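Written out below as C-alpha cells is the structure these notes cover.
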C-alpha cells in the first residue's frame, strides 16, 4: 500500500485566477496583490521604417571611387627607389667591447661595458650620417640597421665604430673604393666573434661550481665593494689587477693569482688561505672563463 502526499497550495494563492499569459515579474507581483484585476502581458513590437533606394547612392558612389583608384594603382609601375640610384645597407649586432667577426682590430676585448655604440658613415670624404645606439635588453646588445641611397658610380666608403667610453680613435669596419651599378645594393653586416673565454660561464663557475668539498669562489670572495668575507673583495679587481705587479697586465695577474695564489698576497691578508691546487682541479677552459668573468669586475 502506497501513500502519496499531494502538494498543498498556499492559502493566499487559493483564489488567484490561473492565466496562461506571460507576465513580467513586476506585473506578476501586482497580480498577486490584486487578484480580481486582470492584467495584460507586456508586449513589444519592432517596426522598421521604409528604406528608399536613394539612401544607398552615397555608399555606391564611394565604392565606385575606391574601385577606380585600385584599378588605376594596379597599372602604376612600382619602384622601391628612384630610377638612378644605388643603395647601401648597414646591419650591426654588437655588444660594446666585443670583437667583430672578420674585422681587424688592435683593441683588446673589454667585457662588461654598457656604453652606447656610435657609427659614422663617410662617402667620398663627406659624413653621410653619424648615429649612436643605446644598448638594449639584459645583455646590453646593440642592433642597428641603416639604409643610404646615393648616385651610382665609384664611391669611397668608410664606416667607423666607437663602442668604448672615451674612445678617441674609432675602429674601421669598412674602408674601400666601391663601384656601384644602377640599382646596385651593398650589404655590410657585422656581428660579434665568439670569444675563446666565456665570462658568463666564468660567473657560473665563480658562484656555483664546487671546487673542494662545499667551497666555491664566492664563499671567500665578495664582489660587493668593501665587503670582506675571508679574502679581499673582488669588486673593481679588473682595474686594480693591472697595477698590482709590474710587468703583468690584468689578465696575467688574475691567472697567476688563481694558479699560484701566494705569488702576490694583498696587504692585510695572510698567505695560505686560498686553495693552492686550483690549476689541477680546474681545466684550462674553466680558468679562462673564470679570468674572463673577473675581467668584467671593473
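The values are calculated or read from the model by the stated rules, or taken from the named source; none is laboratory data. From a predicted model like this one, the values you see are computed outputs, not experimental measurements. All Cβ positions, even for glycine, are placed from backbone atoms using ideal geometry, and neighbour counts span all protein chains on display.
Before we move on, is residue 282 in contact with a strand residue (DSSP E or B) (Cβ under 7 Å, 6 or more places away or on another chain) and under 15 Å from residue 206 (Cα atoms)? No: the conditions fail for residue 282. So which of 188, 290 ends up being surrounded by 13 or more Cβ atoms within 10 Å (Cβ to Cβ), within 17 Å of residue 109 (Cα to Cα) and under 32 Å from the mean Cα position of the chain (by Cα)? Among 188, 290, only 290 is surrounded by 13 or more Cβ atoms within 10 Å (Cβ to Cβ), within 17 Å of residue 109 (Cα to Cα) and under 32 Å from the mean Cα position of the chain (by Cα). Among the conditions (1) under 22 Å from residue 110 (Cα atoms); (2) modelled with pLDDT under 85; (3) surrounded by 14 or more Cβ atoms within 10 Å (Cβ to Cβ), the only one that residue 194 does not satisfy is (3).
Scanning region 158-184 for residues that are exposed (fewer than 13 other Cβ atoms within 10 Å of the Cβ) and assigned to a strand (DSSP E or B) gives 175, 176, 177, 179. Taking the conditions exactly as written (part of a strand (DSSP E or B) and either surrounded by 13 or more Cβ atoms within 10 Å (Cβ to Cβ) or in contact with a strand residue (DSSP E or B) (Cβ under 7 Å, 6 or more places away or on another chain) (or both)), does residue 155 satisfy them or not? So residue 155 passes the test. Of the residues making up region 258-298, those that are without any contact (Cβ under 8 Å) to a residue 40 or more places away in the chain and either assigned to a loop (DSSP other than H, G, I, E, B) or over 26 Å from residue 194 (Cβ atoms) (or both) number 17.
When we screen 171, 136 for residues that are in the same structural domain as residue 187 (by TED's automatic domain parsing), touching a residue at least 24 places away in the same chain (Cβ under 8 Å) and on the phi < 0 side of the Ramachandran plot, the only hit is 171.
When restricted to residues that are outside any loop (DSSP other than H, G, I, E, B), closer than 21 Å to residue 199 by Cα and without any contact (Cβ under 8 Å) to a residue 12 or more places away in the chain, region 220-256 contains 4. The strands (runs of 3 or more DSSP E) falling completely within region 33-147 that include 1 or more residues that are modelled with pLDDT under 90 map to 86-95.
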